[in-house]
Amino acid sequence: MKNNNQLEKALNKLNSQISEMTEEQLIKFLTNMSSSRLGKYSLLNQAMIYSQCISRGFEPTMIGALKSFWIAKHKSRVKKSEFSKGIWILCPKLYNKKFENSDGNLETVSVLTGFKYGRVYDISQLENPENIKMEAQSKVTGISEDKIKYIMDRMKSEYDIEIKHMDFEKGGHIERAKQGEKQIIKLNSQLPITTNFKTLIHELAHSKLKHNTEECNLSRGQKEVDAETTAYLVLSQLGLVDEKESSVSYIKSWNFEGNLKPNVSEIFSAVTEIEKYIKGVK
Ligand SMILES: [Zn+2]
């Protein structure tokens, strides 16, 4: 399918760029990714922007879509020499589909029909960048419990997972799915909804990374590093990473020898999938 090809190509390119990064660059990359500086772009696009900029030797500061954006909004233009050096991103092609829900009401959902490539430029690629007023970066400060509840309810009803609230000691876990059946994620009913949502994203990451299949032969530590890195990236975009950065210490606790590198391309595929659940895109 053409759609998947574009996404796959982008992920492959991202993966090869990331695999060439030094450890220092990789840490910088992940730190940037979690700071939501380019928050208006999807996480995959942020990753594409950061990796292309880092491989060209600069860090992105302010990114704008299309050359016309800079002319119209900031009365500047892309330098002639930089014109062919646009930064590639993937633009989703969405259309709004109306359907009748079980209550007989009309609802609108965004349906993803494919991706096309788009080009953006960093402020440093413009003429007289010093004249451009930097836009204040809006800090993501988290989403409300109501919104979290809404997202969780929608995940339950519209996607391939079943969420069960149980009375038990631990935080949560995912059960191995039988062929053709829904994946069951069990959460602790005693815990606050935000905690459960974080657990749900972590367990969903295990599922999207295919950790609970027989074919997966990664070590427990590697699985936890990858799942929690995925969850960390998703949650930081929603402003749900707390000050104490519990995910970072969780990753460290599994990566006690410091020799496990996250599998970045798989992680970004998983993040892209989970973002669809959160945004309600099918
Ligand atoms: Zn886990």
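Read-outs throughout are calculated quantities, based only on the coordinates presented, and are distinct from any laboratory measurement. Only a predicted model underlies this, so the values are computations on that prediction, with no experimental measurement involved. FYI the Cβ positions are ideal-geometry reconstructions off the backbone, even for glycines, and counts take in every protein chain you see.
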- In nanometres, what is the gap between the two model label sites at Met21 and Glu162, each 7 Å from Cα along Cα-to-Cβ? 3.9
- Task: Order by neighbour count: Val281, Val225, fewest other Cβ atoms within 10 Å first, most last.
- Result: Val281, Val225
- Estimated inter-spin distance, Trp88 and Lys73, nm [label 7 Å along Cα→Cβ]: 2.4
- Query: For Phe99 and Lys170 in one chain, what is 0.36 nm times their gap in residues minus the Cα-Cα distance, to one decimal in nm?
  - Reply: 21.7 nm
- Per the 1/(1 + (r/R0)^6) rule, R0 = 22 Å and r from the Cβ atoms of Lys182 and Asn212, FRET efficiency to 0.05 is 0.95
- Using 0.36 nm per residue, how much length does the chain from Val111 to Glu8 gain when fully extended, once their Cα-Cα distance is taken away? 35.2 nm
